[in-house]
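Quick notes on the structure that follows.
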Amino acid sequence: MRLCIVGSGYVGLVAAACFANTGNHVVGVDIDVEKVRRLMEGIIPIYEPGLDELVLRNIKERRLTFTTELEAAVQDAEVIFIAVGTPPGEDGSADLKHVLGVAEGVGRALNGYKVIVVKSTVPVGTCDRVEAAVAAHTAHPFDVVSNPEFLKEGAAVADFQKPDRVVVGTSSSRALDVMEELYAPFMRRSHRLLSMDRRSSEMTKYASNAMLATKISFMNEVARLCDAVGADVEMVRIGMSADERIGPYFIYPGCGYGGSCFPKDIKALVHTGAEAGVPMEILQSVEAVNGRQKRRMVEHLVARFGEDLSGRTFALWGLAFKPRTDDMREAPSEVVIRAILDAGGRVRATDPIAAESARAALADVIDRVELVEDAYACLEGCDALIVCTEWNQYRNPDFDRILRLLRTPVIVDGRNIYQPAKVRARGFDYYAIGRPAPAAT
């Protein structure tokens, strides 16, 4: 099948590579000339395990190419995916100008029946607006389909190739046949394609992310209560996860969620609720809890060192919002770093992948942040170690070496990756999320 995928960011690039890898001929369209040039040279603008190899292979085998020419790509395609960004506006609403701009361009370029697929995360009713935008510029027949993505950063290629479900929103049997054929190679073990109306499909994406974010914020609030009453949130989590109705997923407390999806989608759903006259009170609380949780590690520092952190330097392990990605969007590390700087302290930080992304995110304060490659070099002469991202290489470190390098034996573990009793037995003051020190006997 011949595909045109407009937008070569995280969603579009993964989709383009995975569809090409099943034998389709895919043209990725982007307005960024330099990005297109680099992609054709096999230079991938994002870090995602396995993606670079997939892109390079399919470029080499001539199933995948990139261009800035929307019209030619649309006219040659049978299916057109819209996978451009929908950044949040100041009021939290999703900015649809890129989506609707592409829709107008597609309408002007249509030369026959096409299936137009909205892959971007968009508010309920957007497909109707896309349909109107395309129809305003063409008399050719077409169908607009909602097909939200459910990819986890760090595992996106695997998620796309072995999806737990593919949601397709359309009332057109013709369009549904096309989508089923397109996704058939990913359904070989079991049929996981769910067909529904477009508005339900659009809502499914937001509702899914909102539920996952709610679970995270709920556990973080439980962790705060555990701190206050002397309970161990890890024991609570294990006890909860044994209940099949709850399960073990997304109930790990930590220093807050970040990334490109949860923060943006919660804001957009709250805004949609306000527009519809349905206040999303739970999600407003989810957002508030998450914002507060990102400051929890700094609260530990202030409790240990005082509100004035002048003259102190803190080592920070992990910058990306989660492991296996270089994504710094809404990362807890940025909140922690800026709070330390505001209190007069300095930061030395490291991350296996995200240093350059962090340099861009912290451009206005980078003169007070030292980025280093080596995790142990990061520690020398610092007053405490803060763990912000649970990269595997941080899970079993040389604690004796950490103790020698730090000026003060303090670890603030924002991801609960260490065993409190063992770390404290080595001579550290250890602060975690919802894991208070044992009471004196």
Per-residue ellipticity at 222 nm attributable to helices in the chain (runs of n ≥ 4 DSSP H, -39500 (n - 2.57) apiece, nearest 500 deg cm²/dmol) works out to -13000 deg cm²/dmol
Does region 2-196 come out rounded, prolate or oblate by the C-alpha gyration tensor, with a ≥ b ≥ c the root eigenvalues, rounded set by a/c under 1.5 and, if not, prolate when a/b is larger than b/c and oblate if not? rounded
Yeah, region 294-431 with a ≥ b ≥ c from its alpha-carbon gyration tensor (a/c under 1.5 is rounded, else prolate when a/b outruns b/c, oblate otherwise) is oblate
Regarding region 349-398, what's the average projected area of the Cα-atom convex hull, expressed in nm²? 3.8
Extended-chain gain in nm, criterion 0.36 nm per residue less alpha-carbon gap, ASP95 and ASP429: 115.7 nm
The chain - Kirkwood radius from inverse mean 1/r over Cα pairs (Å): 23.5
Checked against a 18 Å limit on the C-alpha separation, the offending pairs among LYS119/LYS152; LYS97/LYS322; LYS114/LYS152; LYS60/LYS152; LYS35/LYS152 are LYS97/LYS322; LYS114/LYS152; LYS60/LYS152; LYS35/LYS152
Checked region 205-291 with the C-alpha gyration tensor, a ≥ b ≥ c its square-rooted eigenvalues, rounded below a/c of 1.5, otherwise prolate if a/b is larger than b/c and oblate if not; verdict prolate
Going from the fewest other Cβ atoms within 10 Å to the most, one would list ASP164, ASP32, ASP265 as ASP164, ASP32, ASP265
Exactly which GluC sites (Glu not before Pro) in region 1-88 are in a DSSP loop and have at most 15 other Cβ atoms within 10 Å? GLU41, GLU61, GLU69
For region 77-181, listing trypsin sites (Lys or Arg not before Pro) in a DSSP loop whose Cβ sees at most 16 other Cβ atoms within 10 Å gives LYS152, ARG165
Express the C-alpha Rg of region 100-157 as a ratio against the empirical globular expectation 2.2 N^0.38 Å, rounded to two decimals. 1.26
Putting +1 on Lys and Arg Cβ atoms and -1 on Asp and Glu Cβ atoms, find which of VAL336, ALA377, PRO87 reaches farthest to the positive end of the dipole of the chain. ALA377
Amide H neighbours of VAL145 at under 5 Å, excluding residues fewer than 5 places away on the same chain, with H built from the backbone geometry, are ILE116, VAL117, VAL118
Which of the trypsin sites (Lys or Arg not before Pro) found in region 270-309 are in a DSSP loop and have at most 16 neighbouring Cβ atoms, other than their own, within 10 Å? ARG295
Residues other than CYS388 with Cβ under 12 Å of its Cβ, Lys/Arg counted +1 and Asp/Glu -1, net out at 0
Computed lengthening from ILE31 to ARG245, 0.36 nm per intervening residue step minus Cα-Cα distance: 72.4 nm
Please give, to one decimal in nm, the separation of the simple spin-label points placed at GLU281 and ALA207, each 7 Å out from Cα toward the Cβ. 2.1
Rank these for me by crowding, THR214, THR126, THR22, going from fewest to most other beta carbons within 10 Å. THR22, THR214, THR126
If each part is reduced to its alpha-carbon centroid, region 49-80 and region 315-375 end up apart, in Å, by 34
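Computed from the coordinates by the stated procedures, all read-outs in this text should not be read as laboratory data. Please read these numbers as outputs of a predicted model, since none were measured by experiment. Note: ideal-geometry Cβ built from the backbone for every residue, glycine included; neighbour counts use all protein chains shown.
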